[in-house]
Amino acid sequence: MYQKNKLCSIFAWGSKCKIEQNTENTTIKVLLSFGTIGITAAEQQMIMVANLAASVLGKSGNTAALLKKEREIIAVTVALGEIGKAAAKVEYPDVSGNTAICISCLGEIGKLTAQKTLEEAAVVVELILEEMAVTAMQENLQNAVGSIVNSIEEIGKSAEDEKMENAVLQAASALQTIMSSSGDRYLNDASIAAKVALESFNELDIINDEANIKKIEGIREMMKAFRADNEAKK
């Protein structure tokens, strides 16, 4: 009887895990579909649709962060980043409405992930914001770059409060990249903002050693694999 009850318990646990995994996979597919809608809308300058998709993703990301669902956070983050980059390529300087919404949503999600000590998710948000900054600089969207700098700095500070070295290191690395790249492109205000933000990290005990770098590279590869898997399912 004991063995039978034990086997039933194991079976029930396994079934529950499978159901939860299937539910998570379905949720991720839905989130990524909002990303696809948002990207298409941004490319076609359907602003209201793109904004709605970004807003839904932003709220979903906040909820996922509060519930500590990292795979869902990563799905939201990747989707928001792709929408933001698509919008940046079609928006004129100082009129970066959809890009601004994506940056704001990512900033909020990033701070929540740091506060919830979800380090991998926080690093992914910082990596995506860095990618968006590169696109924004290519399109001379100085205001967008400045907003990204502020978001990265806030996430880094929250990560420092929670003693998450990798997230702090990635924040500093992203700011360094933005500072040098925006200066090269004569986006002076953005470059100065990145420099000031970076200086606020100088007093932090950032350990830039091989282990930290490997960890961040591992997270970067995980993000790439997530994207590749998503593309394969389309």
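Considering LYS68, LYS59, the condition of being surrounded by fewer than 20 Cβ atoms within 10 Å (Cβ to Cβ), in a helix (DSSP H, G or I) and out of contact with any helix residue (DSSP H, G or I) (no Cβ under 8 Å at 6 or more places or on another chain) is satisfied by LYS59 alone. Please work out if GLU126 is of a type in the set (D, E, K, R), out of contact with any Lys or Arg (no Cβ under 7 Å at 6 or more places or on another chain), within 14 Å of GLY156 (Cβ to Cβ) and surrounded by 24 or more Cβ atoms within 10 Å (Cβ to Cβ). Criteria met by GLU126.
Test ALA194 against the stated conditions and say whether it is modelled with pLDDT under 90 and either on the phi > 0 side of the Ramachandran plot or crowded, with 23+ Cβ neighbours inside 10 Å (or both). Answer is yes for this residue.
Of all residues in the stretch 182-193, which are in a helix (DSSP H, G or I) and within 13 Å of LEU141 (Cβ to Cβ)?
Once the filter is applied, which keeps residues that are in a helix (DSSP H, G or I) and within 13 Å of LEU141 (Cβ to Cβ), the stretch 182-193 yields SER182, ASP189, ALA190.
I'd like the full set of residues that are within 25 Å of GLY97 (Cα to Cα), more than 18 Å from the chain's Cα centre (by Cα) and either crowded, with 23+ Cβ neighbours inside 10 Å or touching a residue at least 40 places away in the same chain (Cβ under 8 Å) (or both), limited to the stretch 139-186. If the condition is that a residue be within 25 Å of GLY97 (Cα to Cα), more than 18 Å from the chain's Cα centre (by Cα) and either crowded, with 23+ Cβ neighbours inside 10 Å or touching a residue at least 40 places away in the same chain (Cβ under 8 Å) (or both), then GLU139, ASN140, LEU141, GLN142, ASN143, SER181, SER182, ARG185 are the ones that fit. With respect to (1) within 17 Å of LYS85 (Cβ to Cβ); (2) under 13 Å from the mean Cα position of the chain (by Cα); (3) not hydroxyl-bearing (Ser, Thr, Tyr), the lone exception for VAL134 is condition (2). Of all residues in the stretch 31-45, those that are more than 17 Å from the chain's Cα centre (by Cα) and either within 13 Å of GLY81 (Cβ to Cβ) or crowded, with 21+ Cβ neighbours inside 10 Å (or both) total 2.
For the stretch 197-218, taking the residues that are open to solvent by less than 50 Å² (accessible area, probe 1.4 Å) and not hydrophobic (A, V, I, L, M, F, W, C), the one that is modelled with the lowest pLDDT is identified as ASN212.
The values are calculated or read from the model by the stated rules, or taken from the named source; none is laboratory data. On a predicted model such as this, the values are computed, not experimentally measured, just so you know. Virtual Cβ from ideal backbone geometry, glycine too; neighbours counted across all protein chains shown. Accessible surface areas use protein heavy atoms only, side chains included; no ligands, DNA or RNA. Shrake-Rupley method; radii C 1.70, N 1.55, O 1.52, S 1.80 Å.
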